Amino acid sequence: MKKFLSTKLFRAIWSFGLAALLYWICPSCISKTTVAIVLGTLVILVNASPIISKAPIITHITRIFVGGLFIFSGFIKANDPLGFSYKLKEYFEVFTADSGLSIFESMAHIALPLAILLCVSEMALGFMLLVGYKRNLTLGLLLAQITFFTFLTFYSACYNKVTTCGCFGDFLVLKPWESFWKDIVLLIAITLLFAGKESINELFSPLITIALTFFAIVLSIVFPIYTYRNLPVFDFRAYKVGDNIRENMKAGVGYQPAVYESMLEYKNLKTGKIKEFNQKDYMDSKIWEDTLTWAWHNTVNKLVHDAINPPKIVDFSINNQNGEPITDSILNNPNYQFLLVCYDLNETADDETLHAKINDLYKLAASERISILGLTASDAKQVDDYKHKHQALYDFATSDGVVLKTIIRSNPGLVLIKNGTVIMNWHYNNFPSYSDVKQKYMK
């Protein structure tokens, strides 16, 4: 039996069987022809190792491509692990709502350590592949990881649940289907590596390979921990130092808004099949008259084409505690001002020394007529509780929580702006004194 399991015949049986199962269960959001082409390609690669092994150059090129892309993708995520954790949490919340399984809710609570773990594994596995360390283990873990990401991006794209995948952070924002096809390319490439794995050998002696791998893993762990405890080393967001928020809220030349079309979904009561209609096809079909066969299922707004040259920032707004808009007064203020971003006061770092520093900054800044304004998405009661607990004398205004998490990856985080331009920002672990800020940035 064990001998049979290692034969080419068994490999062909399980690969064709798995492909047939995936083809059968695949939802209608993707063309069956496309699914057949992808699965057929994978089946061919799985069973083509004798041929691929004769052309090692193909394996080596693929090895460099996959290893380099995994290192790059992991590095970009590790540059902003908190932002990546927000995206993972969004996925898990969607899965919790759709499946009702508590396991996804539990995973949402540990999104940050999972995000860091995934960053580390991507960079480490990419390096291990390049140097040829533990070939079988590396390929197996690469396959497991890309299968996981392929499932996430496919579910997101098919059911329009998460608008961006976070694959390359804010450096390169991919749409759900773009993310999915990127993962399909990697899945095919890793399958090809499995087929040609006999050509993947260690580039150096075992001792050097182990030493280099250990060093790479240590760096992969240290970097995301450092960026989490401080701020991203490379900031690709529209609120980075030097950017003018007011200018980033303006549309580009030739701006055209996104166009959506309302689509009606009707369910076949006999087969359970869902059919989609635009307004014209719906009226022409008169499907509503056949109540014995068809029933309305859902109405969705489908994106026809994306906006052209849209603003980089579309959702920045601030209201005072009375609900009155104060966005313009803040962005047009010609003086220096501090924004203390606390997107959720229940999750804001609770450290007496830190809040003593914040209060000192407020007092010294206020003595020179430099304002400090807290920004939060929390309600008025939470604001009152926070101010009482920490003896905070500065005022709070409200803004959207997602916007505040985008402005700075710290809770609380301090931002210095002038006339709408971001002068500097600080993580709470690096909270500055007023004298240092005044000396270095208020010129």
Exercise. Pairs to check: LYS77/LYS175; LYS161/LYS302; LYS240/LYS357; LYS54/LYS197; LYS8/LYS54. Give those whose C-alpha atoms are more than 20 Å from each other in this structure.
Key: LYS240/LYS357
Exercise. Could you pull out the pairs from LYS182/LYS280; LYS387/LYS440; LYS312/LYS405 whose alpha carbons sit more than 27 Å apart here?
Key: LYS182/LYS280; LYS387/LYS440
Self-check item: Length-normalised contact order for the chain - Cα pairs under 8 Å, 6+ apart - percent
Solution: 14
Quiz item: ³J(HN,Hα) across segment 139-154 via Karplus (A = 6.51, B = -1.76, C = 1.60, θ = phi - 60°), whole Hz, x for Gly/Pro?
Solution: 5, x, 5, 4, 5, 4, 5, 6, 5, 4, 5, 5, 4, 4, 5, 5
Quiz item: Leaving out same-chain residues fewer than 8 places away, which aspartates and glutamates sit with a Cα under 12 Å from that of LYS418?
Solution: ASP243
Exercise. Would you pull out the residues with amide H under 5 Å of LYS312's amide H, same chain only if 5 or more places away, H placed 1.01 Å from N?
Key: LYS250
Quiz item: If packing is taken as the mean number of other Cβ atoms within 10 Å per residue, what is the order of 430-442, 228-240, highest first?
Solution: 228-240, 430-442
Quiz item: Could you state the number of Å between the C-alpha centres of segment 113-192 and segment 283-360?
Solution: 28
Exercise. Report, in degrees rounded to the nearest 10, the 0 to 90 angle that the Cα long axis of helix 8-25 makes with the longest principal axis of the chain.
Key: 50
Exercise. Step through the residues of segment 78-86 one at a time and calculate ³J(HN,Hα) from phi using the Karplus curve (6.51 cos²θ - 1.76 cosθ + 1.60, θ = phi - 60°), rounding each to whole Hz and writing x for Gly and Pro.
Key: 5, 5, 9, x, 5, x, 5, 5, 4
Quiz item: Once you put a point 7 Å from the Cα of TRP177 and another 7 Å from the Cα of GLU352, both along the Cβ direction, what distance in nm separates them?
Solution: 5.8
Quiz item: If you wrap segment 259-305's Cα atoms in a convex hull and average its projection over all directions, what's the area in nm²?
Solution: 3.2
Quiz item: Counting GluC sites (Glu not before Pro) as exposed when in a DSSP loop with at most 11 other beta carbons within 10 Å, what is the longest stretch of the chain free of them?
Solution: 1-346
Quiz item: Dipole size in debye (nearest 20) for the chain around its Cα centre, Lys and Arg Cβ +1, Asp and Glu Cβ -1?
Solution: 1640
Quiz item: Against the longest principal axis of the chain, how steep is helix 111-131, in degrees 0 to 90 to the nearest 10, with axes from Cα atoms?
Solution: 50
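Where a number appears in this text, it was derived from the coordinates with a stated rule and is not lab data. Note that the structure is predicted; figures quoted are calculated from it, not measured. Don't worry about glycine lacking a Cβ; one is built from the backbone with ideal geometry, like all the others, and counts go over all protein chains shown.
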